[in-house]
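> Handing you this structure, nothing more for now.
The values are calculated or read from the model by the stated rules, or taken from the named source; none is laboratory data. Keep in mind that what you see is a predicted model, and the values were worked out from it rather than measured. Quick reminder, even Gly has a Cβ in these numbers, built from the backbone with ideal geometry, and neighbours come from all protein chains shown. Protein only, heavy atoms only, side chains kept; ligands, DNA and RNA dropped before computing areas. Shrake-Rupley method; radii C 1.70, N 1.55, O 1.52, S 1.80 Å.
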Amino acid sequence: MIVTEKAPAKLNLSLDTPMRYFDGSPQWDMVMVSADLADYITVETHRRPATIKVYTNSGFLPNDQRNLAYQAAHILRSRFHRKDGVTIRIKKQIPVAAGLGGGSSDAAAVLRALNNIWRLGLSLAELAQIALTIDSDVPYCVYNKLARVTGHGEQIELLPPQPHYWAVIAKQKISVSTPQILRQINYEKLAHLNNDALIKNLKEQNWLEATKYMGNVLEPLTMKYYPEIGRLKNKMKDLGADVAQMSGTGPTVFAICHTESRAKRIQNGIRGFCRDVHVVNLL
Ligand code: ATP
């Protein structure tokens, strides 16, 4: 049986980390939304060969157990004692190592596809629990809906959908190491966000007020190495974005606007800074 799943990029409308757990990993407090910039994952199961194979159209990605999509198939197969082989084809459109959760979204898409193919009957909440063993953004990517994400990434509170908005997603040619940025967090010095106020306004569907509370506490850490991220963000604001900020640990910067014409204006205005730019809907 063959199933194709869409694996959308995630954006951090807010990203905060109140403290570090004993094992050194950050406790997250984030609001995430998905955007219509997506990979497409085709999953096929078969008796022979009884192995997991990954094919991608991207030269940058591993196609062995280092690929998060491979790990998702491996975990579900072992947990449910399935013997069939799995072939995964990834049509990559989300920029890699960009702060857009592309690998996590691919892994979540494989979990959903195999749940369907093998008729495992797992709820999204059950899939999200399994997802956490792969990476902290994978539980959110099982849902791909506006949500507050806390804990290690496993606590997902879905929020009501908002009015229709456009996102301009821009990735400069910079490579950011997520572990390197996370190691540098000084919890006393972080300018923490008021996520409760953000959630309250989102629940009341008061988007414009909500935008005042969006942000990413990791921006100063990444911008210390890459000041061009700050310049791109300011340019987007000057061009009329409702919100402009970094996603994840960067380097991607996104703007949100309430009209397509404003989004296109931003896209045209930043061409000199950045070539990899996408104007898409928020999901
Ligand atoms: P993170 O913040 O978790 O590092 P990201 O959103 O910035 O993730 P990804 O595109 O998920 O970026 O890539 C992060 C790393 O994961 C890369 O080094 C990449 O080689 C590896 N990776 C493994 N599987 C995938 C996949 N299916 N798609 C993209 N990257 C993958």
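> Mind checking which pairs have a first residue in segment 63-85 that is more than 11 Å from the ligand (Cβ to nearest atom) and a second that is assigned to a helix (DSSP H, G or I), Cβ under 6 Å, 6 or more apart or different chains?
ALA73/VAL110; LEU76/LEU114
> Which of (1) assigned by TED's automatic domain parsing to the domain that holds LEU208; (2) in contact with a strand residue (DSSP E or B) (Cβ under 7 Å, 6 or more places away or on another chain); (3) not in a helix (DSSP H, G or I) is the odd one out, the single condition LYS173 does not satisfy?
Against the list (1) assigned by TED's automatic domain parsing to the domain that holds LEU208; (2) in contact with a strand residue (DSSP E or B) (Cβ under 7 Å, 6 or more places away or on another chain); (3) not in a helix (DSSP H, G or I), LYS173 comes up short only on (2).
> Filter segment 45-62 down to the residues that are of a type in the set (Gly, Ala, Ser) and within 13 Å of the ligand (Cβ to nearest atom) and list them by number.
SER58, GLY59
> Can you name the helices (runs of 4 or more DSSP H) wholly within segment 213-283 that have at least 2 residues being open to solvent by less than 70 Å² (accessible area, probe 1.4 Å), under 12 Å from ILE169 (Cα atoms) and not assigned by TED's automatic domain parsing to the domain that holds GLY101?
Of the helices (runs of 4 or more DSSP H) lying wholly inside segment 213-283, those with at least 2 residues that are open to solvent by less than 70 Å² (accessible area, probe 1.4 Å), under 12 Å from ILE169 (Cα atoms) and not assigned by TED's automatic domain parsing to the domain that holds GLY101 span 228-238, 260-269.
> Looking at the structure I just gave you, is ALA197 assigned to a strand (DSSP E or B) and either outside the structural domain of ASN12 (by TED's automatic domain parsing) or at pLDDT below 95 (or both)?
For ALA197, the condition - assigned to a strand (DSSP E or B) and either outside the structural domain of ASN12 (by TED's automatic domain parsing) or at pLDDT below 95 (or both) - is not met.
> Applying the selection to segment 131-146, what residues are surrounded by fewer than 22 Cβ atoms within 10 Å (Cβ to Cβ) and not β-branched (Val, Ile, Thr)?
Selection gives LEU132, ASP135, SER136, TYR143, LYS145, LEU146.
> Here is a follow-up. Kindly indicate whether any position in segment 23-44 is away from the ligand (no atom under 16 Å from the Cβ), in a helix (DSSP H, G or I) and either on the phi > 0 side of the Ramachandran plot or surrounded by 19 or more Cβ atoms within 10 Å (Cβ to Cβ) (or both).
Checking segment 23-44: not a single residue is away from the ligand (no atom under 16 Å from the Cβ), in a helix (DSSP H, G or I) and either on the phi > 0 side of the Ramachandran plot or surrounded by 19 or more Cβ atoms within 10 Å (Cβ to Cβ) (or both).
> Given (1) in a helix (DSSP H, G or I); (2) at pLDDT below 95; (3) over 30 Å from GLN267 (Cα atoms), where does LEU208 come up short, assuming only one miss?
(3)
> Sticking with this structure for a sec: Just give me the residues in segment 4-22 being of a type in the set (Ser, Thr, Tyr) and either open to solvent by 50 Å² or more (accessible area, probe 1.4 Å) or on the phi > 0 side of the Ramachandran plot (or both), in sequence order.
THR4, TYR21 - these are the residues of segment 4-22 that are of a type in the set (Ser, Thr, Tyr) and either open to solvent by 50 Å² or more (accessible area, probe 1.4 Å) or on the phi > 0 side of the Ramachandran plot (or both).
> Considering every residue within segment 88-97, establish whether at least one is surrounded by fewer than 19 Cβ atoms within 10 Å (Cβ to Cβ), within 25 Å of ASN12 (Cα to Cα) and without any contact (Cβ under 8 Å) to a residue 24 or more places away in the chain.
Scanning segment 88-97 turns up no residue that is surrounded by fewer than 19 Cβ atoms within 10 Å (Cβ to Cβ), within 25 Å of ASN12 (Cα to Cα) and without any contact (Cβ under 8 Å) to a residue 24 or more places away in the chain.
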